[in-house]
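A short worksheet on the structure shown next.
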Amino acid sequence: MLRRIHSFALIASLAAVACATSEAVDEGAGDAAATGGGTGIAGSGGLSGGGFPGKVDGGGGGPTGSGGGSGGVSCSAEVCNGRDDDCDGKADNGVCSPGCTGQEYLEHGYSFCSTTKELSDAAADCISQKMRLTRPNDAAENDWLRQTATGMGLGALWLGATDWTTEGDWSFPDGAQVWTGGQNGSVVGGVYTNWAQKHPTGSGSNDCMQMNAAGEWSEVSCKQSVAYVCEDY
């Protein structure tokens, strides 16, 4: 009888130890799930990497982390757009030309340049900034360009289109054609235009597009020296 009592006590003791061990394992797993397992600034763990909702630390060990989801900070080559693209703590660090200021609109980078140049020199400077002379795609972008430039004290601006290859056929630097047929012509493919009255003039000596202080487009001599806007497109 005494031996049977001792057996029951031993079984009860072993069961208590197993239960305690199981609880410890479960508790540790719960802690790991709650912390997400990382110490990055905004790592890439997050929800899809097993992280806990609302936590900043995800699954990585650096600015972009290395495990799990896609919620990290994305760093890329610096562009003149008013943003710190390369994550060095400085916006537009060394990439804007002298006299140019970076801006951003709908995830496009722009460089507004107050130094006046002829069109060919302005276009070359945009290329040096890894951009092109700007191409307004709709009325909202055109208005934003004009308002931003006016706020910087800039008057007339070079836009990117010219008709110096074929008179009357206006194209932007990326090859996108916007107009054909001179003053009595028409838009190409239904794209946006904002010509001033009596423009384009159809004059063979005026091959470049300029935005005036009202935001309208004019056909002028490429030898004029005005401010300009570059765009990353």
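The values are calculated or read from the model by the stated rules, or taken from the named source; none is laboratory data. Note that the coordinates shown come from a computational prediction; the quantities given were computed from them, not determined experimentally. Cβ sites come from the backbone with ideal geometry, for glycine too, and all protein chains shown count toward neighbours.
In region 138-192, how many residues are among the β-branched types (Val, Ile, Thr), within 17 Å of Asn206 (Cα to Cα) and free of Cβ contacts under 8 Å to residues at least 12 places away in the same chain? It would help to see each step written out before you state the result.
Going residue by residue through region 138-192, those that are among the β-branched types (Val, Ile, Thr) are 148, 150, 162, 165-166, 178, 180, 187-188, 191.
Pick out the ones that are also within 17 Å of Asn206 (Cα to Cα) and you get 162, 165-166, 178, 180.
Those still in the list that are free of Cβ contacts under 8 Å to residues at least 12 places away in the same chain too: 165-166.
Residues in region 138-192 being among the β-branched types (Val, Ile, Thr), within 17 Å of Asn206 (Cα to Cα) and free of Cβ contacts under 8 Å to residues at least 12 places away in the same chain: 2 in total.
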Checklist entry - Restricting attention to region 202-228, and to residues there that are touching a helix residue (DSSP H, G or I) at 6+ places or on another chain (Cβ under 6 Å) and assigned to a loop (DSSP other than H, G, I, E, B), which single residue is farthest from Thr166 (Cα to Cα)? => result Gly215
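Results for (1) touching a helix residue (DSSP H, G or I) at 6+ places or on another chain (Cβ under 9 Å); (2) modelled with pLDDT under 95; (3) assigned to a helix (DSSP H, G or I); (4) over 17 Å from Glu231 (Cα atoms), shown as yes or no for each residue.
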position	(1), (2), (3), (4)
Lys55	yes, yes, no, yes
Gly58	yes, yes, no, yes
Gly69	yes, yes, no, yes
Asn81	no, no, no, no
Asp125	no, no, yes, no
Thr148	no, no, yes, no
Leu154	yes, no, no, no
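Yes/no per residue for (1) over 26 Å from Ser114 (Cα atoms); (2) crowded, with 17+ Cβ neighbours inside 10 Å:
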{"site": "Gly160", "(1), (2)": "no, yes"}
{"site": "Trp164", "(1), (2)": "no, no"}
{"site": "Gly168", "(1), (2)": "yes, no"}
{"site": "Trp179", "(1), (2)": "yes, yes"}
{"site": "Gln183", "(1), (2)": "yes, no"}
{"site": "Tyr192", "(1), (2)": "no, no"}
Next on the checklist: Taking the conditions exactly as written (under 26 Å from Cys80 (Cβ atoms) and out of contact with any helix residue (DSSP H, G or I) (no Cβ under 6 Å at 6 or more places or on another chain)), does Tyr233 satisfy them or not?
Outcome noted: yes
Item to check | Members of region 194-227 found to be acidic (Asp, Glu), crowded, with 19+ Cβ neighbours inside 10 Å and within 18 Å of Pro136 (Cβ to Cβ), listed by number | outcome: Glu219
Item to check | Residue under evaluation Asp174, criteria (1) part of a loop (DSSP other than H, G, I, E, B); (2) among the charged types (D, E, K, R); (3) touching a Pro at 6+ places or on another chain (Cβ under 6 Å), criterion not met | outcome: (3)
Checklist entry - Can you tell me which residue in region 104-123 is nearest to Glu78 (Cα to Cα), limited to those that are free of Cβ contacts under 8 Å to residues at least 40 places away in the same chain and part of a loop (DSSP other than H, G, I, E, B)? => result Glu107
Item to check | Selection within region 182-201 - hydroxyl-bearing (Ser, Thr, Tyr) and not in a loop (DSSP other than H, G, I, E, B) | outcome: Ser186
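Being at pLDDT 95 or above and in a loop (DSSP other than H, G, I, E, B) is the filter here, so list the residues in region 94-103 that pass it.
Those that are at pLDDT 95 or above and in a loop (DSSP other than H, G, I, E, B): Val95, Cys96, Ser97, Pro98, Gly99.
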